[in-house]
1. For the chain, find the longest principal axis of its Cα atoms and tell me its angle to the long axis of helix 3-19, 0 to 90°, nearest 10.
2. If you rank 80, 93, 155 by fewest surrounding Cβ atoms within 10 Å, what's the result?
3. Give me the percent relative contact order of the chain, please, defined on Cα pairs under 8 angstrom at least 6 residues apart.
4. In whole angstrom, how far apart do the alpha carbon centroids of the stretch 63-99 and the stretch 28-54 sit?
5. Determine the calculated [θ] at 222 nm for the chain from helices alone, applying -39500 (n - 2.57) to every DSSP H run no shorter than 4 residues and normalising by the residue count; nearest 500 deg cm²/dmol.
6. Hey, in the GNM for the chain with a 10 angstrom Cα cutoff, which one of 158, 67, 140 fluctuates hardest?
7. Arrange the following residues from fewest to most other Cβ atoms within 10 Å of their Cβ: 134, 58.
8. For the chain, set up a GNM with springs between Cα atoms under 10 Å and report which of 35, 161, 11 has the largest fluctuation.
């Protein structure tokens, strides 16, 4: 790889680091090709960019970006995951993969410019997804309307039951 290619990689990576709300780095040493392929597939389906980068290039690209704090974790083999719209999705996938595969180790992450430890990434992974949160919000907004409709339907139902009871008493 020549100097101009490296400069292009650093520029592209710096732009992605500046535009991405969440970034996670991991040590992928010891995972086999099938495991790496499975991880890439899951991350790609979630809209996450995952790639292996050289530490020096990552350090250069991180300067002046919200991910600048990750420079101290750039040692050994480093893979980087850049989130799409949902910062929780890569945290969930990477945390689950780290639990399932002992050789894979999360190093750190950055969320909106704040450095995250491995424990904080795990806590982030435990949060519900965006879709789950939207579903919960919608159901809580829908609950008063449903209760109101149920209450309004109970009035005529009770009237019918009372009239049936009166009719049954008169027939007896």
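Nothing in this text is a laboratory measurement; each read-out follows from the coordinates by a stated rule. These figures come from a predicted structure and were not determined experimentally. Positions of Cβ are backbone-derived with ideal geometry, glycine not excepted, and every protein chain shown enters the neighbour counts.
1. That helix lies at roughly 30 degrees to the long axis.
2. Fewest-to-most ranking of 80, 93, 155: 155, 93, 80.
3. 26 percent
4. 12 Å
5. About -19500 deg cm²/dmol.
6. Per the Cα network of the chain with a 10 Å cutoff, 158 tops the list.
7. 134, 58
8. 161
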